[in-house]
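Contents: one structure, followed by commentary.
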Amino acid sequence: MVLAYPWVGPGMDRVDGRAKVTGAAKYTADFLAGAQGRGTLQAVLVGSAIARGRVVEIDAGEAWRMPGVASILTHENMPRLGKLDADDEQGTPGQVRLPLQTAEVEHVGEYVAMVIAETLERAEAAAARIRIRYEEKQGWTWNAEAGEVTGREYRPKEVGRGDEADSERGDGPGAVAAAAVQVRERYLMGQENHNPMEMSATVAAWEQVGGEERLTVYSATQHVYGCRHVIARALGLEDRQVRVICPFVGGAFGCKGSTWPHEYLAAAAAKVVGRPVKVVLSRRQMFTGCGCRPELLQRVSLGAEPGGRLAGMVHDAVNHTAASDEWAEPAAVQTRMIYSCANVKTTHRLVPVHRNNPTQMRAPGHAPGTWALEAAMDELAWKAGIDPIELRLRNDAERDEELDKPWSSKSLRECYRAAAERFGWERYQQRVGAMREGRTLIGWGMATALYPTNREGAHARVKLLPDGTAVVISATHDLGTGTYTIMTQVAAEALGLPVESVVFLLGDTDMPESPVAGGSQSAASVGTAVRTTCEAARRKLFEEAHAGDGETTEQVLRRHGKVVEAEGKAGPPEKQSHSAYAFGAQFAEVRIDAALREVRVSRAVGAFAAGRILNEKTARSQLMGGMVMGVGMALMEHTAYDRRRLKVVTDNLADYLVPVNPDVPAVEVILVPEEDRQVNEIGAKGIGELGTTGIAAAITNAIYHATGVRVRELPATLDKIM
Ligand code: MOS
């Protein structure tokens, strides 16, 4: 089919942009608010003050007598919840441990009471008057930031969402030990938290429909179907009895990718009080109630021939996990395939502690993993006296050596070239302090970026209307990433209609199922379903209406005068003959005051190749956002943890620092053209997480170039560069 309207590709403004800037876009906490929400109660969750032990007494007498209090739920009177399953394919719980079911607590912030009142203020006031007595036990702890070894490390069943914990190809340790040039270093990171602008929130309302209970849930989620399933499990309902709605998400970064306790607790509370209940986590609760990136200890050993060819690689990652739950950060997985090397060994281990369970966050595994690996590659480049780009080119993998498959496409060399040229790398000298302006030390660094192209099955439904317009729906999500816009473009192109004539709707389990908007997979998964379903709808219309050759879709629709509908599924490819990744190259310049040692990223250039770019404007914006998060990871973000009291100290946005405009003066994104006919029908790889890989290493490598200090502990605050 020759398409008359090449909508896909060029920058197009967000179709939801006006709704967002005028306040018309409704986020979760906006539902059942004001007059429309009369009768909706507000819930406040009370978190445990201790990390491990039991609640021995809850004195809620005064709180119960406060005006406007409808109920107070504790482990003593909260309805019993159904068991959750960590391996459930239909919906992922952030933790299987259910709060408010026993007197035991396993982390600070674990919910021990829930106050439901007429207003938020009344609920908060009553919550403040609940007195809880605990019997405290010594909680398990671990200091990854100090490189501590506890002896409690264990091997998880899998890492991330389904990768093997360990891998071995050839003899990694032996090859490193025998190599002419060797690097053996340890890379340490504390906890990080997602901190999207929109706090996690849930509004739940029950009703009877035909003698059956129905539950409507508005929840800030990256996966409406998964959220529905987990809530149904927890409340002992069939999935079809629950509807989850989420038209807008104010950022997520992984913390809304799985379903967390506040979501089913809101539904349980609404049932108890017989009225709709709304709960919005506080910023403080965002640090304990919806995951984090774990503390992470990585050991990387690299061995190379004098010419820089990698002989052996070893990457071991250890992260903290909850005492009764498991999240394994897949930090070493990219080391299995990123470069050509015959001898590679990787391992992942977990240390259980009494803290809330970590989860996927902003390129889980790959963001911290590329920091450690690409920092070690820089150390290798300096030891071998080879330009860091040249070192990577000499070790470029022409196929995926781990899976032993060809790449679906790979434009990494072009990414290095394009970013280096734009950055001005030809002036790079591999000498500490090579550049200086007065008292400002200047350093340059670079690193490789990459992220796998994931894909899951997705569904879409199309309705073509006699007025020449179309409505396309799929229960996917827009986290601020641009899904509304790119799906409108994909649909318009496949239908042969102008974008103005297409409306795309998402975020509701009454719509056809789509997968979690995580792992950078929505464009590829949902885009394919939208495209193939729209093509089928157009074919159906043209057949039904006996359309002539020269007719446009709009003309046929108007002449036909009837509604034409189609529904379709695009599954993941059955057997993948190719290995699919998006690649990129990150370059950074830092400026450091020679005396004060404060680091500023003055420039960053990233070049990325991710197959077909559906919308240059939203793609650039997402990749830039990822690079900015990398600046945060490298220099600022740190969830400081008090290891005596076993609690987070920096649980607010005044103490948990994220980059703001003056911190990122110049970020440039280059979109390297890439055509991929293997990866999927629309040729698009994911870009959601790609931009935040590699960038932290580019920055710490630049710090070394400027100062001669290797920062192997993030964030690279000035005390580490003295
Ligand atoms: Mo992404 S961390 O899978 O939301």
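The values are calculated or read from the model by the stated rules, or taken from the named source; none is laboratory data. Since we're looking at a predicted model, the values are computed, not measured. Every residue, glycine as well, gets a Cβ built from its backbone with ideal geometry; the counts of neighbours run over all protein chains shown. All accessible areas refer to the heavy atoms of the entire protein, side chains included, with ligands and DNA or RNA removed. Shrake-Rupley method; radii C 1.70, N 1.55, O 1.52, S 1.80 Å.
Before moving on, here are some points about what is shown:
- Meets criteria (within 30 Å of Pro93 (Cα to Cα) and either surrounded by 23 or more Cβ atoms within 10 Å (Cβ to Cβ) or away from the ligand (no atom under 16 Å from the Cβ) (or both)) for Asn357: yes
- Filter result for the condition that a residue is buried (at least 20 other Cβ atoms within 10 Å of the Cβ), of a type in the set (Gly, Ala, Ser) and either over 26 Å from the mean Cα position of the chain (by Cα) or more than 16 Å from the ligand (Cβ to nearest atom) (or both), over Ala545, Ala517, Ala524, Ala537: Ala537
- Condition met for Val605 (free of Cβ contacts under 8 Å to residues at least 60 places away in the same chain and not in a loop (DSSP other than H, G, I, E, B)): no
- The residue list Arg417, Arg439 contains one member that is touching an Asp or Glu at 6+ places or on another chain (Cβ under 7 Å) and either more than 30 Å from Ser200 (Cβ to Cβ) or of a type in the set (A, V, I, L, M) (or both), which is Arg439.
- Selection count, segment 453-503, where residues are of a type in the set (S, T, N, Q), away from the ligand (no atom under 16 Å from the Cβ) and over 15 Å from Lys569 (Cα atoms): 5
- Among residues of segment 225-261 being over 24 Å from Gln622 (Cα atoms) and in a loop (DSSP other than H, G, I, E, B), the one that is least open to solvent (accessible area, probe 1.4 Å) is Trp260.
- Among the residues listed as Asp663, Asp642, the single one being modelled with pLDDT under 95 and either of a type in the set (D, E, K, R) or closer than 24 Å to Arg712 by Cβ (or both): Asp663
- For segment 303-320, residues that are in contact with an Asp or Glu (Cβ under 8 Å, 6 or more places away or on another chain), more than 25 Å from Arg152 (Cα to Cα) and part of a strand (DSSP E or B) total 2.
Let's see how each residue does on (1) open to solvent by 30 Å² or more (accessible area, probe 1.4 Å); (2) modelled with pLDDT of 95 or more; (3) part of a loop (DSSP other than H, G, I, E, B):
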{"site": "Met361", "(1), (2), (3)": "no, yes, yes"}
{"site": "Ala367", "(1), (2), (3)": "no, yes, no"}
{"site": "Met377", "(1), (2), (3)": "no, yes, no"}
{"site": "Arg392", "(1), (2), (3)": "no, yes, no"}
{"site": "Glu398", "(1), (2), (3)": "yes, yes, yes"}
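- Of all the listed residues (Glu681, Glu674), the sole one being in a loop (DSSP other than H, G, I, E, B), open to solvent by 50 Å² or more (accessible area, probe 1.4 Å) and in contact with a Ser or Thr (Cβ under 7 Å, 6 or more places away or on another chain) is Glu681.
- The residue list Gly53, Gly23 contains one member that is open to solvent by 40 Å² or more (accessible area, probe 1.4 Å), of a type outside the set (Val, Ile, Thr) and more than 23 Å from Leu235 (Cβ to Cβ), which is Gly23.
- Test: residue in segment 178-201 that is of a type in the set (D, E, K, R), under 24 Å from the mean Cα position of the chain (by Cα) and away from the ligand (no atom under 16 Å from the Cβ): no
- Top-ranked residue in segment 587-600 [being farther than 10 Å from Ile703 by Cβ and assigned to a strand (DSSP E or B); ranked as nearest to the chain's Cα centre (by Cα)]: Phe587
- Enumeration of residues in segment 75-93 that are touching a strand residue (DSSP E or B) at 6+ places or on another chain (Cβ under 8 Å), touching a residue at least 24 places away in the same chain (Cβ under 8 Å) and open to solvent by 10 Å² or more (accessible area, probe 1.4 Å): His75, Leu84, Asp85, Ala86, Thr92, Pro93
- Number of residues in segment 107-127 that are open to solvent by 20 Å² or more (accessible area, probe 1.4 Å) and in contact (Cβ under 8 Å) with a residue 40 or more places away in the chain equals 7.
- For beta carbons closer than 6 Å, sequence separation of 6+ or different chains, a first residue in segment 134-146 that is touching a residue at least 24 places away in the same chain (Cβ under 8 Å) and among the charged types (D, E, K, R) and a second that is crowded, with 17+ Cβ neighbours inside 10 Å and in a loop (DSSP other than H, G, I, E, B), the qualifying pairs are Glu136/Ile50; Lys137/Arg52; Glu145/Gly190.
- Conditions (1) touching a residue at least 60 places away in the same chain (Cβ under 8 Å); (2) assigned to a strand (DSSP E or B); number of the one not met by Tyr484: (2)
- Once segment 540-580 is narrowed to residues that are part of a helix (DSSP H, G or I) and acidic (Asp, Glu), the residue that is nearest to Gly611 (Cα to Cα) is Glu554.
- One residue stands out in segment 577-616 among those that are of a type in the set (S, T, N, Q) and farther than 18 Å from Glu675 by Cα: the one that is most open to solvent (accessible area, probe 1.4 Å), namely Ser602.
- Checking Thr448 against (1) open to solvent by 20 Å² or more (accessible area, probe 1.4 Å); (2) within 23 Å of Leu302 (Cα to Cα), the condition it does not meet: (1)
- Counting the residues of segment 254-299 that are away from the ligand (no atom under 16 Å from the Cβ) and either out of contact with any Cys (no Cβ under 8 Å at 6 or more places or on another chain) or not hydrophobic (A, V, I, L, M, F, W, C) (or both) gives 31.
- In segment 360-383, the residues that are closer than 20 Å to Tyr704 by Cβ and either touching an Asp or Glu at 6+ places or on another chain (Cβ under 9 Å) or within 16 Å of the ligand (Cβ to nearest atom) (or both): Ala367, Pro368, Gly369, Thr370, Trp371, Ala372, Ala375, Ala376, Glu379, Ala381
- Meets criteria (farther than 24 Å from Ala529 by Cα and of a type in the set (D, E, K, R)) for Asp676: no
Condition check ((1) over 30 Å from Glu329 (Cβ atoms); (2) open to solvent by 10 Å² or more (accessible area, probe 1.4 Å)) across all residues:
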| residue | (1), (2) |
| --- | --- |
| Arg186 | no, yes |
| His194 | no, no |
| Met199 | no, yes |
| Thr202 | no, no |
| Glu207 | yes, yes |
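- For first residues located in segment 170-182 and touching a residue at least 24 places away in the same chain (Cβ under 8 Å), partners that are among the hydroxyl-bearing types (Ser, Thr, Tyr) and lie 6+ apart or on another chain with Cβ distances below 7 Å form the pairs Val176/Ser301.
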